[in-house]
Structures are given as C-alpha cells and as structure tokens.
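The values are calculated or read from the model by the stated rules, or taken from the named source; none is laboratory data. Quick caveat, the model's predicted, so the values are computed rather than measured. What goes into the accessible areas is simple: the full protein's heavy atoms, side chains included, and nothing from ligands, DNA or RNA. Shrake-Rupley method; radii C 1.70, N 1.55, O 1.52, S 1.80 Å.
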Amino acid sequence: MARYTLTVRRRGAVDRDRHDLLDDALAALEARLDDLVAAERRGAARGLGRDYAPVQQVALRGEISGPGGLRGGVDVRGDGSAEAYTGRLRRRLVERRPGETAYEALRRALGG
C-alpha cells in the first residue's frame, strides 16, 4: 500500500497520486507543478471589491501527506513564484536558503 499521497489542486481540478517513498512523492510534486506552471500564470483579478495582483493568487497547490501526520506542499503563485510550507490547517512557510528552490526547501523540511 502506498504511504504518501500527492494532491495537486488547480482551478477546477484535483489530481491525486500515491507513492511508496517520500523521495518519489517529492520528485513527482516538482515534475507535476513544473509541467502546469506555464498554463496557470494569471493576470490581476478582482473579487470581493478588491484587486489581487498575480503574486497574491495561488494558481497551483501541490500537497504531500504521509504517515505520522506528515504534511507539506508548494504553492505556485499567479506570477510563477513558489513557496514551500509545512502543515495543513496551520501552514508554516518554509524559509528558503540562498540558492534553494521551493522544492528543495520542502524536501529539507520534510526530511526527504
């Protein structure tokens, strides 16, 4: 039975894959989001009486869940920038080290 679930959310769609190893799930997360990022770039949007710049919009969200309550993921913003986080309900941003990508920061935070 697969231990890690990868969930990718984007406007109007949710995809799930299962992986036996955390490293495989992290590699699949990076590959899947990299494939989708160009198609999900966004311009400014208006909602609830406010304007939202592309950097304020989450265009893609990739999440990994696993044994022991392991949770984390990467949000790709409308401008193509990415942020790693851990947790689910109380997300904590993972600070990136110099030269580190959001995916590498997530791998470090999850111990992969």
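Rounding to the nearest 10 and keeping the result within 0 to 90°, find how far the Cα-based axis of helix 22-36 lies from the longest principal axis of the chain. It works out to around 20 degrees. In this structure, the amide hydrogen of ARG3, modeled 1.01 Å from its nitrogen in the peptide plane, lies closer than 5 angstrom to those of HIS19, ASP20, counting only residues at least 5 positions away or on a different chain.
Apolar share of the accessible surface for the chain: 47 percent from carbon plus sulfur atoms, 1.4 Å probe.
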